[in-house]
1. Given (1) within 25 Å of residue 182 (Cα to Cα); (2) assigned to a helix (DSSP H, G or I); (3) modelled with pLDDT under 90, identify the lone condition not met by residue 377.
2. Restricted to region 287-314, and to residues that are part of a helix (DSSP H, G or I) and within 15 Å of residue 377 (Cβ to Cβ), which residue is nearest to the chain's Cα centre (by Cα)?
3. Touching a residue at least 40 places away in the same chain (Cβ under 8 Å), out of contact with any strand residue (DSSP E or B) (no Cβ under 6 Å at 6 or more places or on another chain) and surrounded by fewer than 16 Cβ atoms within 10 Å (Cβ to Cβ), is that true of residue 180?
4. Checking the conditions here, which among 210, 249 is farther than 16 Å from residue 182 by Cα, surrounded by fewer than 20 Cβ atoms within 10 Å (Cβ to Cβ) and in contact (Cβ under 8 Å) with a residue 12 or more places away in the chain?
5. Please report, ordered by residue number, the helices (runs of 4 or more DSSP H) entirely within region 179-286 with at least 2 residues that are at pLDDT below 95, closer than 22 Å to residue 387 by Cα and in contact with a helix residue (DSSP H, G or I) (Cβ under 9 Å, 6 or more places away or on another chain).
């Protein structure tokens, strides 16, 4: 049994944009040709060719068969519909198809997906509640008319308390993201082929990659922190009014660089999980796949972020209101102008809302990232041919036993 999801090794030449326009090699149509594996035994990357022109998403149409619509009439353009063994059609994807594929994965494998997200979310929310209750310091008592020294002390203490409360929350979020990303990437890779996957199978395939995925997960915020500090450092060293201005400008420039880096490396996690890449190799791989499509990927990621935030707000607001009502002390503190001290009732009720929101938004975020990765490989490396072979579609040769995902 293979412990990998079985994705093909990278074709670096196509990620670099080379060999564009080279005709595709003829594909075996009688089922006797050797099918390429998605793991270590696939054809060399040099045998993969880029799409031959706009709209050429795959090989010449195979003979009509059940995998391509059987006797369904062809479209007005003279081509049968793109094969769709799973949640997406095997061709370059539009924005709507990527979002629909993420939602379709949740619907098609809801037991496995919700088993992952609900479990991880419950553990994360429980840890967050305990951290907020026992690790976060009590709110600073604000003096109504503080002197300059007292105001400075209150500001410093409030900042310290905020940082102390933020660190556990960030660590919990990173660990939750690690497990959901690893497991959901496996589920989505199977759903593209229309194959079922259980929670045990997803864990078995994802487990060997967890340590490297942890390194990648920690590396990204570390890079962002270093870039942000480097942008503000000249102004901090200069000091004075000019230093404040320089630090602000440097911070803005650093934010632009961080945004560029986050998009450039957005496809690193699926590359690491599905191609068995190392951490640095996955970052380079993501950079090659994103090259030339930065703005498109940026727009899709921002749209996904907005949608998930809206879903989170729609779910969280009612639970927050119920939590305030159940915990009367919080409302009393707000009405009195004090920092609210929430009790167990508020924390538990809002925690339930957080679990529900995370169970819905985690699959969408992970699904968009993985499907963006697949889309870029289809556009650059004709991955649709490999996917069609692995799905057992007629006209592409039979998949070699043991080469597909989960085997």
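1. Evaluating residue 377 over (1) within 25 Å of residue 182 (Cα to Cα); (2) assigned to a helix (DSSP H, G or I); (3) modelled with pLDDT under 90 leaves (3) as the failure.
2. Here is the first cut: in region 287-314, the ones part of a helix (DSSP H, G or I) are 287-290, 294-314.
Those still in the list that are within 15 Å of residue 377 (Cβ to Cβ) too: 287-290, 296-297.
Details: 287: 15, 288: 17, 289: 15, 290: 14, 296: 16, 297: 12 Å.
Here the answer is 297.
3. Working: touching a residue at least 40 places away in the same chain (Cβ under 8 Å): yes; out of contact with any strand residue (DSSP E or B) (no Cβ under 6 Å at 6 or more places or on another chain): yes; surrounded by fewer than 16 Cβ atoms within 10 Å (Cβ to Cβ): no.
Considered against the rule, which asks whether it is touching a residue at least 40 places away in the same chain (Cβ under 8 Å), out of contact with any strand residue (DSSP E or B) (no Cβ under 6 Å at 6 or more places or on another chain) and surrounded by fewer than 16 Cβ atoms within 10 Å (Cβ to Cβ), residue 180 comes out as no.
4. On the way: 210 fails: farther than 16 Å from residue 182 by Cα.
From the options 210, 249, the qualifying one is 249.
5. On the way: elements: 199-206, 210-238, 240-264, 268-275.
Where helices (runs of 4 or more DSSP H) fall fully within region 179-286 and carry at least 2 residues being at pLDDT below 95, closer than 22 Å to residue 387 by Cα and in contact with a helix residue (DSSP H, G or I) (Cβ under 9 Å, 6 or more places away or on another chain), they are 199-206, 268-275.
The values are calculated or read from the model by the stated rules, or taken from the named source; none is laboratory data. Small disclaimer: the values here were computed from a predicted structure and weren't measured. Methodologically, a virtual Cβ is constructed for each residue, glycine included, from the backbone with ideal geometry; neighbour enumeration extends over all protein chains shown.
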